[in-house]
Structure formats: C-alpha cells, structure tokens
Amino acid sequence: MKKDKKEWAVFILWTWVISGVTFASLTFVYKFFEIARTVPMGEVTGFAVIQVITYLLIAIGFFFLFLWSFLKGDFKDMEKAKYRILEMEEKMREIERGT
Amino acid sequence: MNERQNPVNYNLVTAHIIAALIFLIMSITAGLLYSLQFLNHYPLQGIEFFSPGRVRMVHTNAVAYGWLLNGLLSGMYWAVPRTSGYPVLSRQLSWLIFWFLQILVLATAVGILGGYAQAIEFGETPIFVDPFITLGLFLLATNFIPPILKSSKDAPLYVSLWYFIGALVWIIMVYIMGNYIPQFFVPGAAGAAITGNYIHDFVGLLITPLGWGLMYFFVPTIIKKPIWSHTLSLMGFWGLAFFYPMQGIHHFMWSPVPMHVQYSAVVASIAIEVVVTSVLANFIMTLKGSGDYLRTNYPIRWFYTGMVFYWVTCFQCAIQSTLTAQKLIHFTDWVVAHAHLVMFGVFSFWLMGIITELWPRLTGKEWYSHSLNGWAYWLCTLGIILMFIDLTIGGVVQGFIWWGLNPFMDSIRFSVPFWFVRTLSGLMISGGIISLIYNLSMTAKNKNLIKPLIH
Ligand code: HEM
Ligand code: HEM
C-alpha cells in the first residue's frame, strides 16, 4: 500500500517535469520566432538580430556538446555519475584525514 | 602528496572566501548608506565622489562581482577538482585570475565613484575596464574547462560540471553582447532592449548555473546521499541551456519592443517556473528521510532556506512578468524586493552555507562558536524576509499611487515608512553577516584543531 503511494508521487512528479519541459520548449520556440519575425519588419532595428545571433552561436555550441555526450554513451546509464562523485568524495576525505 | 591525489588548492579557496567577505562588507556598507538617502539622512551629502547614485552602483557591482563571483569561484575551486578528479589547468593562472579579479572590482568601484560609470545596468563597469573583464572571463574558462574535459573521458559528466561549462561559456558571449553592442553598435531603444537581455542573462546564465552547480555538489556530499534523480537534474540543465536565454525582454514591458514579442516573453517567463519547480522537487526528494540535517547542519539549513526563497522568487517572477502586474510594479520597490530576495536570500545564502561548510576544513580548526552561526542564520533570514515583505508591499502602494495619478510627492510620503523598515532590515542582515565574519576570524585563531591540515 505504502509503495503504491510512493509510486504515485514519482509518477506525478515525472508527468509534471515532462509537461513542464514541453511547455517551456514550446513557449521558447514561440518567443524565438516572435523575436526573429521583427528582423524583416525593421522594428526597433538591431535588438532582435543581436539576440538571435548570440543565442544561435551559443545554442549551436551546446547542441554539439549534447550530441558529443550522447554519442559518447553518457545517456546509457544516466544515474551513474551521481554515485561516482560520492565515491570520489569519500576518497578525497580519506586523503584529508591522512589515511 | 601529489596533485593528482589532492587536486584542491586550499589557499586559493580561502583567499577567494576572504576577498568575497571583504567585498560583502563594502557592499552592505554602500547599501546601508544609500538607504539613508531615502530617509533624507545621507551622511556624505555634498561630496561628489560619494554622491548617492554612484554609491548605489558600487553597492550592486560589489555585490555581483566582488561578493557573488568571488564566493562562487571559491566553491568552484573546491568542487571542480573534487568532482572531476583533476586540478584546474594551472596554479599560477588561478592566482593571476584571483588578483586580476580583485583589481578589476576595485577599479570598477573607483571608476564608478569617479563618475566613469557606463550607462548599462549591471554593466556599469567603466568602459576602459571592460576589455580586461572580457580577458579575465576567457582566462577563467581556460583554467576550468581542461579538468572537466579530462574527466569526461573517464566517465559521464556529473551535472555540476555541465552547469559550470555552461556558465563559463555563456558569460563570455553575454558580457560582450551586453557591454559593447549597446555602447558602440546598437544605441537607443534597441540598445536598451539588449541591456535588458544582458541583465537577465547575467543573473540567469552566470550566477544561477554556478549556484545550482554548487548545490548539486555540496548537498549530496554533505548528506552523503546521491541526488534523487540525476536524469532529472540533467533535464534541468539542458532545459536551461536551450530555453533560458532571451528571457530579458520581460525587463522592458510596455516599452518600444514590439507587443507581439512582449506577449511571447510573458508566456516563456511563466513556463520557466514550471521547470524550476521540478529542479526543487529533485532536492526535496534527495533530503527525504534525512530531514534532521535541517536542524543539525548549518550548511544544509542555509542551502534549503535559499531554495525555498528561490521558489518564492520564481513564483513572484511568474506574477511580475505579466503585463497586468508590470503596469503596477515596474519602477517600484517591488523589483528591488525581488532583486534582494534572489541575490541575497538565494545565492548569498548558498554561499554562506558553503563558507560555513568549508571554513573549519580549510583552517583545520573547530568552530569558535556554534551559537554565532545560529545568530548569523536567523538574523539574515528574518532580515531578508522583513526586507522582502516590506519592499513588496511598498512597491504595490507606490504602484497604486502612481496609477491613481496622484501627485508624485504623495508616493514619496507613503514610501518613507517602508524605506525606514528597509534600513532596519538591512541592519539585521548586516548584524547576521558580521556575526558570521567574526565567528570565522575567531575560528581561524582557535587553538582547537579538528584534523591535520593538507596544503
Ligand atoms: C525565471 C525566473 C525569473 C523571472 C521570470 C524574473 C523576472 C524578472 C523581471 C520581470 C524583472 C524586471 C521587473 C521590472 O523592472 O519591472 C526582474 C528584475 C530583476 N531580476 Fe529577475 N527574474 C527571474 C530570476 C532571477 C534570478 C535567478 C535573479 C538573480 C540571480 C534575478 C535577478 C533580478 C534582478 C537583479 C533584477 C533587477 C534588475 C534591474 O535592476 O532592473 N532574477 N526579474
Ligand atoms: C545591508 C543590507 C542592504 C541594504 C540596506 C541594501 C539597500 C539597497 C538599496 C537602497 C538599493 C537601491 C534600491 C533603489 O534604487 O531603489 C539596493 C539595490 C540592490 N541591492 Fe541591496 N542592500 C543590502 C544588501 C544587499 C545584498 C547583500 C545584496 C546581494 C547579495 C543586494 C543586492 C542588491 C541589488 C541586486 C540591487 C539592485 C536592485 C534593482 O536594481 O532592482 N543588496 N540595495
């Protein structure tokens, strides 16, 4: 019975996360196009071009980082890294204790 | 002991903490002084070098670059080598960056007081200082990215390291965009719209990712329990990477920026809050079953209080980004309340937690007084809650008075009691900060050692 409650909590949380990220991505795309649309219209000339260029430069870089991380296999076991840092921290503390 | 075994440079971490605290004192002194101007009791009246408008800029710049950046760097010089397993690129370069940063913050303060501020919010650093800051940011990336890349060959990167890469790369672009383009290439209304973007990117793509990156490191390592879901944390990071930029339009609502763009900025700002809630849920799930830490462990208490404040600011943000709320609160003290809650209540709280965690380990000494740690926490917490509520209500009152087209002086008369309470809350915060600093200095002098020192 207790386990069920926990599973429900996890289910609700993940539904929230996935719908949240979807919502954020859709609203971002909407905003991006609204900003880009002002360029040919010549409205407040200059502000949109700069923002779009800066965003694209950064986003392209991060897209490649994402791809690199994906191809490297980082997404096969996404939870692994969180255990590794705790092991490393334990080792560091041993060094600090001088053992 | 070779560097591979203990890659952390303890002296450097300590130096950044000390520099951060010195600038924090400078900044709250400027904040308190400036708050007296609102009560018509500014003590340095008539001295051009200390004219209130300049002192305000010293307050905000010392906070952002002197306190927050130094503090965040101290955390990074601790966390990056420990999470990656490798030291930063070069010890010499680290010290060079350290001194460079302190000189630049001082040069900024002197430049601003001398009347050379650049007309860009959060970019008031005089234009002749800007190229050095850009160079400093390049050096910072050069120093931190190599250990992260090396560690990516050993295993998948931990989320903190992703956040650090993000911040180091973004800030270079953001700084160039915000400080040079409006000044030289796109002046006027368009330039102002870009500076709005710069303000938000500065806080959202530098301070926020560095702060969260450090939380993802310190919380699990202190409570000795992994973050509840690393997958969720990575989703938070990639969400920030792709969907957080270009938020700044919400700083200039009802401005010449085309209305259709403003509408899109409102929905995008609200959407971010949903994502933020899931980041917080991850930390709450991590603490589940270990809640006692909130009672017994000061760093964890600072961290989680900051996270609660983060949620409150973000909830407030969702409201303040709407066009309806903007009509009321723009230009009022509501925004100042938001800025203090997030810059002090969140990121400064996290830094104080980090400093509280690291100081005994860096000095190898036992705490001089645990009760002073308690005083620091409670004075800062109650002080910022008071300041936030006071300025938020004050902001709404100011907004309604203007909305009703009453004489401007009426809004000043009604604001004075709120400004008085702001100064009081500022004194409480200062008391908290001084308790912490006094405790740190007495701890450093303490004779009781906790463990052998390793340098
Ligand atoms: C996604 C979350 C956030 C949203 C939607 C948001 C929204 C806003 C808005 C709409 C304003 C302008 C209000 C006005 O002038 O009328 C503002 C101002 C400000 N925000 Fe945020 N904010 C967010 C997160 C943050 C964070 C994380 C920080 C700090 C690290 C921050 C720091 C500031 C500061 C310092 C100002 C004052 C800027 C100025 O001097 O004009 N905000 N925010
Ligand atoms: C002793 C405590 C403090 C006092 C009395 C104080 C006072 C003030 C005052 C009077 C302003 C100008 C508001 C205006 O122009 O209307 C201000 C702005 C600001 N302060 Fe503080 N401050 C204090 C501490 C801090 C701390 C610790 C931080 C951050 C860590 C901080 C961050 C800021 C920011 C970001 C702004 C700009 C707000 C905006 O432009 O909307 N302050 N402060």
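The values are calculated or read from the model by the stated rules, or taken from the named source; none is laboratory data. No experiment lies behind these values; they were computed from the predicted model shown. Note that we place each Cβ from the backbone using ideal geometry, even for glycine, and neighbour counts take in every protein chain shown.
Data for the structure
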{"read-out": "Condition check for B:ILE389: under 20 Å from B:LEU33 (Cβ atoms) and either in a helix (DSSP H, G or I) or touching a Phe, Trp or Tyr at 6+ places or on another chain (Cβ under 8 Å) (or both)", "value": "no"}
{"read-out": "Pairs with Cβ under 8 Å, 6+ apart, first in the stretch A:72-90 and facing chain B (nearest Cβ under 7 Å), second part of a loop (DSSP other than H, G, I, E, B) and loosely packed, with under 13 Cβ neighbours inside 10 Å", "value": "A:LEU86/B:LYS224"}
{"read-out": "Positions within the stretch B:190-217 being facing chain A (nearest Cβ under 10 Å) and at pLDDT 95 or above, in sequence order", "value": "B:TYR216, B:PHE217"}
{"read-out": "Check on B:THR83, surrounded by fewer than 22 Cβ atoms within 10 Å (Cβ to Cβ), in contact (Cβ under 8 Å) with a residue 24 or more places away in the chain, out of contact with any His (no Cβ under 6 Å at 6 or more places or on another chain) and β-branched (Val, Ile, Thr)", "value": "no"}
{"read-out": "Candidate set: the stretch B:44-60, residues that are within 16 Å of ligand 1 (Cβ to nearest atom) and of a type in the set (Val, Ile, Thr); chosen: the one surrounded by the fewest Cβ atoms within 10 Å (Cβ to Cβ)", "value": "B:THR60"}
{"read-out": "Residue that is nearest to ligand 2 (Cβ to nearest atom), among those in the stretch B:177-216 that are of a type in the set (Phe, Trp, Tyr) and closer than 18 Å to B:ILE272 by Cα", "value": "B:PHE202"}
{"read-out": "Any hit, the stretch A:23-43, residues being farther than 22 Å from B:GLY239 by Cα, modelled with pLDDT of 85 or more, over 20 Å from the mean Cα position of the chain (by Cα) and crowded, with 17+ Cβ neighbours inside 10 Å", "value": "yes"}
{"read-out": "Residue ranges of helices (runs of 4 or more DSSP H) in chain A with at least 3 members of a type in the set (Gly, Ala, Ser)", "value": "A:2-41, A:47-71"}
{"read-out": "Residue match in the stretch B:284-305 (condition: within 21 Å of the chain's Cα centre (by Cα), facing chain A (nearest Cβ under 9 Å) and assigned to a helix (DSSP H, G or I))", "value": "no"}
{"read-out": "Residues being within 7 Å of another protein chain (Cβ to nearest Cβ) and buried (at least 24 other Cβ atoms within 10 Å of the Cβ) - total across the stretch B:160-172", "value": "1"}
{"read-out": "Boolean, B:TYR377 is among the hydroxyl-bearing types (Ser, Thr, Tyr), in contact (Cβ under 8 Å) with a residue 24 or more places away in the chain and buried (at least 21 other Cβ atoms within 10 Å of the Cβ)", "value": "yes"}
{"read-out": "Candidates B:VAL276, B:VAL308, filtered to the one that is under 28 Å from A:VAL10 (Cα atoms) and out of contact with any helix residue (DSSP H, G or I) (no Cβ under 6 Å at 6 or more places or on another chain)", "value": "B:VAL308"}
{"read-out": "Of all residues in the stretch B:244-272 being more than 8 Å from ligand 1 (Cβ to nearest atom) and β-branched (Val, Ile, Thr), the one that is surrounded by the most Cβ atoms within 10 Å (Cβ to Cβ)", "value": "B:ILE249"}
{"read-out": "Members of the stretch B:72-91 found to be within 12 Å of chain A (Cβ to nearest Cβ) and either small (Gly, Ala, Ser) or under 13 Å from B:LEU351 (Cα atoms) (or both), listed by number", "value": "B:TRP78, B:ALA79, B:SER84, B:GLY85"}
{"read-out": "Selected residue [without any contact (Cβ under 8 Å) to a residue 40 or more places away in the chain and within 8 Å of chain B (Cβ to nearest Cβ)] from A:ILE18, A:ILE50, A:ILE60, A:ILE12", "value": "A:ILE50"}
{"read-out": "Residues satisfying the stated conditions in the stretch B:173-189, i.e. more than 9 Å from chain A (Cβ to nearest Cβ), touching a residue at least 60 places away in the same chain (Cβ under 8 Å) and surrounded by fewer than 22 Cβ atoms within 10 Å (Cβ to Cβ)", "value": "B:GLN183"}
{"read-out": "Selection count, the stretch B:73-96, where residues are within 29 Å of A:LEU86 (Cβ to Cβ), part of a helix (DSSP H, G or I) and either more than 16 Å from ligand 1 (Cβ to nearest atom) or among the aliphatic types (A, V, I, L, M) (or both)", "value": "13"}
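Residues checked against (1) more than 14 Å from chain A (Cβ to nearest Cβ); (2) away from ligand 1 (no atom under 16 Å from the Cβ); (3) within 19 Å of B:THR423 (Cα to Cα):
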position: B:ILE355; (1), (2), (3): yes, yes, no
position: B:ARG361; (1), (2), (3): no, yes, no
position: B:GLY364; (1), (2), (3): no, yes, no
position: B:TRP367; (1), (2), (3): yes, yes, no
position: B:CYS380; (1), (2), (3): yes, yes, yes
position: B:ILE384; (1), (2), (3): yes, no, yes
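Listed here are the residues, each with its yes/no results for (1) within 16 Å of ligand 1 (Cβ to nearest atom); (2) surrounded by fewer than 21 Cβ atoms within 10 Å (Cβ to Cβ); (3) within 15 Å of the chain's Cα centre (by Cα).
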| residue | (1), (2), (3) |
| --- | --- |
| B:TYR10 | no, yes, no |
| B:PHE23 | no, no, yes |
| B:MET26 | no, yes, no |
| B:TYR42 | no, yes, no |
| B:LEU68 | yes, no, yes |
| B:GLY71 | yes, no, yes |
